[in-house]
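Taking it in order: structure first as structure tokens, then the write-up.
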Amino acid sequence: MPAVDVVFLLDSSASESFDNFRKQLNFVKSFVELFDIGSSSSDMQVSVVTFSSNVEEQFNLKRYHSKDELLRAISRIPYTGGSTQTDKAISFAVHHSFTPEAGDRTQVPNVMIVMTDGRSESPSQTKSAADLAHRAGIKCIAIGIGSGVALSEIQSIASDPEQVFRVSVFDVLFWIKNDLATKTCEGNYQLIK
């Protein structure tokens, strides 16, 4: 089965709260559990970038090639609080995360999964950054969580309308896990049975 490189962009802004941020991390861990992790031609590589007032790369694509190490690393990601700079996170992923220096494999599909519970500080700049990602050939999946999400904004982030997910609260993220895995892998990857 072919490989895929996945970068999660996780909202760590003040509107998230510590408890909801932890639920978001648990969701990412449950997603990772579905796949083989590593650098071989049949594995998924994962990077996590958090964003609030600042963008912070928690680890790049080449950092973890063991599922156990990756799961432990996700558990250690700190909550920061602050504003919602979605545009800066997307730009960071395009210009840094999906580069050979950060572990991106040139012959492997790139998927960016943006998770947010609100509106970015600059919707127009977020759309511009997402357009840049689309032109770079990165498949963009957007997950909006809660009632504060700007639907038009997550639609502009996603590569197409089929790549938009919206859930009412953090507690129901797990309902979309298998659909997200399918969207991530469409034409690229197979789930572990």
Q. Taking the range 55-79 as the region of interest, how many residues are touching a residue at least 24 places away in the same chain (Cβ under 8 Å) and either in contact with a Leu (Cβ under 8 Å, 6 or more places away or on another chain) or among the charged types (D, E, K, R) (or both)?
A. 9
**Q.** Residues (within 17 Å of the chain's Cα centre (by Cα), at pLDDT 95 or above, over 22 Å from residue 39 (Cβ atoms) and not charged (D, E, K, R)) located in the range 96-130
**A.** 114, 126, 129, 130
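The values are calculated or read from the model by the stated rules, or taken from the named source; none is laboratory data. It should be emphasised that the depicted structure is a prediction, and the values quoted were computed from it without experimental measurement. Note that we place each Cβ from the backbone using ideal geometry, even for glycine, and neighbour counts take in every protein chain shown.
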